Amino acid sequence: MKSYFSNYFTPGQYRFSESEVNHYLNKTGKSITEFTAKQGTIAFADTKGIHRGKPITMGSRYVLFCYFWNDKIPDHFETLKQ
């Protein structure tokens, strides 16, 4: 929330460019935290904050995402339903 009130990002924004993230990191003095795990590891995360997958330098990555909401599915996810 503080990031929105400080005008780093806009309310409702859910995509962040590399330059927006770098600007935020430079202005706040914060740094990126990496999570690394061995193949086959299950990770649970609250992804409400800024997050991304690190670019793959070799091999491949398979990911299964499960999303949960208290109410209606947000409109921007409706187009992705299968």
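The values are calculated or read from the model by the stated rules, or taken from the named source; none is laboratory data. Note that this is a predicted model, so its numbers are computed, not measured. Surface accessibility is based on the protein's heavy atoms, side chains included, excluding ligands, DNA and RNA. Shrake-Rupley method; radii C 1.70, N 1.55, O 1.52, S 1.80 Å.
Quick look at the values:
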{"read-out": "Accessible surface of region 1-49, 1.4 Å probe, proportion on carbon and sulfur as whole %", "value": "52 percent"}
{"read-out": "Probe 1.4 Å, protein heavy atoms only - accessible area per residue of region 11-82 in square angstrom", "value": "104 Å²"}
{"read-out": "Difference of contour (0.36 nm per residue) and Cα-Cα distance, L64 to R15", "value": "15.7 nm"}
{"read-out": "Theoretical gain in end-to-end length, S3 to A37 [0.36 nm per residue, Cα-Cα removed]", "value": "9.4 nm"}
{"read-out": "Three-way shape label, the chain, alpha-carbon gyration tensor, a/c 1.5", "value": "oblate"}
